[in-house]
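Below is one structure; the comments refer to it alone.
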Amino acid sequence: MKPVTLAAFVLLASAPALAQTAPQASEAPAVVKTNTATAPNASDLLFEQPQMKNVPPGSKLTYDYLRRSGISKGPFGPPLNDTIKLGVEPGNAADNRNIRVEMFSGANRFPAGPFEDMPGNPVMTLFLEHHLIDLARVLMANPRYIKNAIRKGLRDNATVTPTQVDYKGRKVDAWRIETKPFIDDKMKERMRGFENLTYTFVTSEAVPGELVSIEASSKNAEGGELLQENLTYDPNAG
């Protein structure tokens, strides 16, 4: 299996389609967000910041991962509860790091990295790339459509609100980013109920690597769980 790289999520737009009948990304006009004078842009916050600058070389970051689905016949497979671990070493620049990745364990192991001289936290893209592969397979969809819709949602239709999170017994300032990239897509009937798929990110400069959590969730009209996928930083893991 080809390793996942940080550039994969960005470059996937040039990948071949998985299905020629897949929907195309909606070209709806950008949504004007409130509080833009003080809130950062969602894409910049997630992908353009030197998030690793507050991670001392020699550290290891551990993220708890969970994926489950209540869909009959289990197209996502059995529930997966594992970890993603990043081993951090100095890069060529003061804020950059060389990063080794252990993405899941045992039979779940997924090849990823290593990443050299990285200013950003690659676990965000690792999560999204893995999510994208599974979702495109389940929907029999064009991965370019899904990837572009998520990027467009983060760029044009995301809410960014200040919040606080608990970190080692104290409250720290954070940002909460939420987007529903498929909710108003004109081809949403092809999403097989996943048009309400909601992505929620929480970041904080006070947390090593800045990522606190990621959630991708979708429920059907009766409240049944179509997908629950989470990544959460574990500050107590070595």
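General observations
- Residues within the stretch 105-128 that are over 19 Å from residue 45 (Cβ atoms), in a helix (DSSP H, G or I) and not polar (S, T, N, Q), tallied: 2
- Total residues in the stretch 71-98 satisfying the condition of being assigned to a strand (DSSP E or B) and either touching a Leu at 6+ places or on another chain (Cβ under 6 Å) or exposed (fewer than 11 other Cβ atoms within 10 Å of the Cβ) (or both): the figure is 2.
- Qualifying residue in the stretch 42-53 (condition: without any contact (Cβ under 8 Å) to a residue 12 or more places away in the chain and under 26 Å from residue 151 (Cα atoms)): yes
- Residue check for residue 229: more than 14 Å from residue 150 (Cβ to Cβ), surrounded by 17 or more Cβ atoms within 10 Å (Cβ to Cβ), touching a residue at least 40 places away in the same chain (Cβ under 8 Å) and within 18 Å of the chain's Cα centre (by Cα): no
- Selected residue (criterion: surrounded by the fewest Cβ atoms within 10 Å (Cβ to Cβ)) from residues of the stretch 159-197 that are aliphatic (A, V, I, L, M) and under 17 Å from residue 211 (Cα atoms): 172
- Residues located in the stretch 147-164, provided they are outside any helix (DSSP H, G or I) and either among the small types (Gly, Ala, Ser) or under 17 Å from the mean Cα position of the chain (by Cα) (or both): 157, 158, 159, 160
- Taking first residues from the stretch 74-86 that are at pLDDT below 95 and partners that are of a type in the set (A, V, I, L, M), the Cβ contacts under 6 Å between residues at least 6 apart in sequence or on separate chains come to 75/138.
- Looking across the stretch 135-146, the residues that are part of a helix (DSSP H, G or I) and either modelled with pLDDT of 90 or more or closer than 14 Å to residue 195 by Cα (or both) come down to 135, 136, 138, 139, 145, 146.
- Selection count where residues are buried (at least 18 other Cβ atoms within 10 Å of the Cβ) and not in a strand (DSSP E or B), scope the stretch 58-70: 1
The values are calculated or read from the model by the stated rules, or taken from the named source; none is laboratory data. If you're wondering where the values come from, they're calculated on a predicted model, not measured in any experiment. No Cβ is skipped: glycine too gets one built from the backbone with ideal geometry, and neighbour counts run over all protein chains shown.
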